[in-house]
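So the structure is just underneath, and the comments pick up after that.
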Amino acid sequence: MMKTMYLFWGTMLVLSVAMQTSCSSSLATAKSEQAQTIKQQIESRHYRISVNRMQPLKGPSQYLTSSYSLTVRGDTIISYLPYFGRAYSIPYGGGKGLNFESTATVYTLSFDAKGTALISFRTRSENEVFLYRIEVFTNGASTIRVASDNRQSVGFYGTLEPEEAPPAIPI
C-alpha cells in the first residue's frame with residue numbers, strides 16, 4: 001500500500017513539473033512572438049498608441065474616459081491628445097493644443113538591451129513645435145512625453161495597437 005502511494009505521488013509530481021515546463025515554454029514563445037510583432041510595427045512606422053491615462057507635470061494622474069491616441073503613419077503624425085497644465089503662450093481662443101496632423105522631423109528610433117523601443121521626433125502644429133519622446137515596451141505598454149516651449153510637459157500612458165501599412169505599389 002505504501003509503495004503504491006509513493007508511486008502515485010511520484011508520478012503526479014513528475015506530471016506536474018512536465019506541465020509547468022510545457023506551459024512556461026509556450027508562454028515564453030507567445031511573449032517572444034508578441035515582442036517581434038511590436039518591433040516590426042514600430043520599425044515600419046505604422047502604429048497607433050491608444051492612450052488611457054495622462055500625467056500633467058504638476059498634479060495627479062488622470063484616467064481618460066474618451067478615446068485619445070497618437071498615430072504614426074510613415075512621416076505623418078496624427079496627435080489626438082488632451083492637454084491639462086500651464087500654458088505660457090497660446091493663440092487667442094486657446095488653439096488646438098495637442099490635436100493636429102503634421103509631419104515628423106528628426107525621427108529617431110533605437111532599442112535598449114531589454115527590447116524597449118525608444119522613439120523621439122519633432123513635429124509642429126499651426127502655432128507650436130513639439131518634442132515627442134515615446135517608450136514602447138515588449139508587451140505593447142507605452143509611455144509618451146510631450147514637451148513644448150509654450151506649455152508645461154505632459155505624459156501619457158497607453159497601449160500600442162497595429163496600424164495598417166498602406167499596400168505596396170507594384171512597379
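The values are calculated or read from the model by the stated rules, or taken from the named source; none is laboratory data. Bear in mind that the values here come from a model prediction, so they are computed numbers and not experimental data. Cβ atoms come from the backbone with ideal geometry, glycine included; neighbour counts cover every protein chain shown. Quick note on the areas: whole protein, heavy atoms, side chains included, nothing else; ligands and nucleic acids left out. Shrake-Rupley method; radii C 1.70, N 1.55, O 1.52, S 1.80 Å.
Points to keep in mind about this one:
- Looking only at the stretch 108-128, residues that are modelled with pLDDT of 90 or more, open to solvent by 40 Å² or more (accessible area, probe 1.4 Å) and either in a strand (DSSP E or B) or hydrophobic (A, V, I, L, M, F, W, C) (or both) come to 7 in all.
- If you check Ala18, Ala30 for being at pLDDT below 85, open to solvent by less than 60 Å² (accessible area, probe 1.4 Å), of a type outside the set (Ser, Thr, Tyr) and under 23 Å from Glu161 (Cβ atoms), only one passes: Ala30.
- Any chance Thr76 is open to solvent by 60 Å² or more (accessible area, probe 1.4 Å), touching an Asp or Glu at 6+ places or on another chain (Cβ under 9 Å), more than 19 Å from Gly140 (Cα to Cα) and without any contact (Cβ under 8 Å) to a residue 60 or more places away in the chain: no
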